[in-house]
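Note sheet for the following structure.
The values are calculated or read from the model by the stated rules, or taken from the named source; none is laboratory data. Nothing here was measured: the structure is a model prediction, and the numbers come from that model. All Cβ positions, even for glycine, are placed from backbone atoms using ideal geometry, and neighbour counts span all protein chains on display. Ligands, DNA and RNA are excluded from the accessible area calculation, which covers all protein heavy atoms including side chains. Shrake-Rupley method; radii C 1.70, N 1.55, O 1.52, S 1.80 Å.
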Amino acid sequence: MNQKGGVGKTTTTINLGHALALAGNKVTLLDMDPQGQIATGYGLDNNQSGLDDVLLNDVAIDDVRVEARDKLYIIAAGRQLADFEHVSEGGSARGHRLRLAIEASSLNDQDFILIDCPPSSGLLGINAMFAAYEVVIPVSSDYLSLQGLSRMIPIVKRAESLSGHTIKLWLVSTRMDMRRRLAHEVRNRILNYFPGRVFATVVRENVALAESPSFGKTIFEYKPTSAGAEDYFSLAQDLLERRIS
Ligand SMILES: Nc1ncnc2c1ncn2[C@@H]1O[C@H](COP(=O)(O)OP(=O)(O)OP(=O)(O)O)[C@@H](O)[C@H]1O
Ligand SMILES: [Mg+2]
């Protein structure tokens, strides 16, 4: 999650998810962004029933989950997901629909459930946070991304107090241009402000990561020897071993 657009949330969900599945974990990806890029990134159609039907029409998650790869399921956004932001009835229970739908599903046998969030903090984001134990915030190497990060902190804190469970915060440096001084400055800042919370791996800017979704492939299928594949494989190891910088 990060309210700032284009920081690498979706790229990270797609490729970190596949890396975890390739390492033998059972993984499910939930697309909470109406842009619906998780399905298309895996070469599937987003014009299918997905989280839109789960959140708007009480359809069961098990009825809309799709096996996208070995050990990897996705639940697409579906075409109507944006409508959920405008749901006004239901009071505070509206924030808990995703959590309840997950609890009522067979997803409790999964090792990892990754939720891709939209670049906003509306009802979709609230549902994601109420359902989550941990929030990963991608920070790309520019100041606006840092600003997005600082906006996220009070939102996560508020979600913690409203939901009554703690939410662990993690940061990951994304789209890092190693030649730019600014990129290193931003990385140093987050390391100073969030000691012990920043994953060791830095995801470098890598053109193959930008190209792969247009082929409906993850980086491990499109260019397994690329820097992008190396970095997302390493990030998965960070997550599995809680390896920090
Ligand atoms: N490490 C990277 N190297 C090169 N391109 C990248 C990298 N990470 C992401 N991109 C590209 O940057 C753009 C934004 O990435 P992505 O869609 O993952 O961000 P996002 O945070 O999900 O955006 P949004 O806020 O719109 O949901 C995409 O075109 C993507 O292919
Ligand atoms: Mg996205």
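Things to note:
- Number of positions in the range 1-41 that are away from ligand 1 (no atom under 12 Å from the Cβ) and open to solvent by less than 30 Å² (accessible area, probe 1.4 Å): 11
- Among helices (runs of 4 or more DSSP H) entirely within the range 95-177, having at least 2 residues that are within 16 Å of ligand 1 (Cβ to nearest atom) and either modelled with pLDDT of 95 or more or under 22 Å from Asn25 (Cβ atoms) (or both) singles out 123-131.
- Yes/no for Val186 being aliphatic (A, V, I, L, M) and either loosely packed, with under 15 Cβ neighbours inside 10 Å or not in a helix (DSSP H, G or I) (or both): no
- Candidate set from the range 194-209 (those that are free of Cβ contacts under 8 Å to residues at least 24 places away in the same chain and outside any loop (DSSP other than H, G, I, E, B)); member that is surrounded by the most Cβ atoms within 10 Å (Cβ to Cβ): Ala208
- All positions within the range 22-38 that are farther than 16 Å from Val64 by Cα and away from ligand 2 (no atom under 16 Å from the Cβ): Leu22, Ala23, Gly24, Asn25, Lys26
- Every condition in (1) within 12 Å of the chain's Cα centre (by Cα); (2) surrounded by 24 or more Cβ atoms within 10 Å (Cβ to Cβ) is met by Val54 except one, and the failing one is (1).
- Wholly enclosed strands (runs of 3 or more DSSP E) of the range 1-90 bearing at least 3 residues out of contact with any Gly (no Cβ under 8 Å at 6 or more places or on another chain): 66-69
- Counted residues, the range 156-183 - those being under 15 Å from Asp238 (Cβ atoms) and surrounded by 15 or more Cβ atoms within 10 Å (Cβ to Cβ): 7
- Criterion (away from ligand 2 (no atom under 16 Å from the Cβ) and over 15 Å from the mean Cα position of the chain (by Cα)) met by exactly one of Leu144, Leu107, Leu81: Leu107
- The residue that is least open to solvent (accessible area, probe 1.4 Å), among those in the range 210-245 that are more than 16 Å from ligand 2 (Cβ to nearest atom) and β-branched (Val, Ile, Thr), is Ile244.
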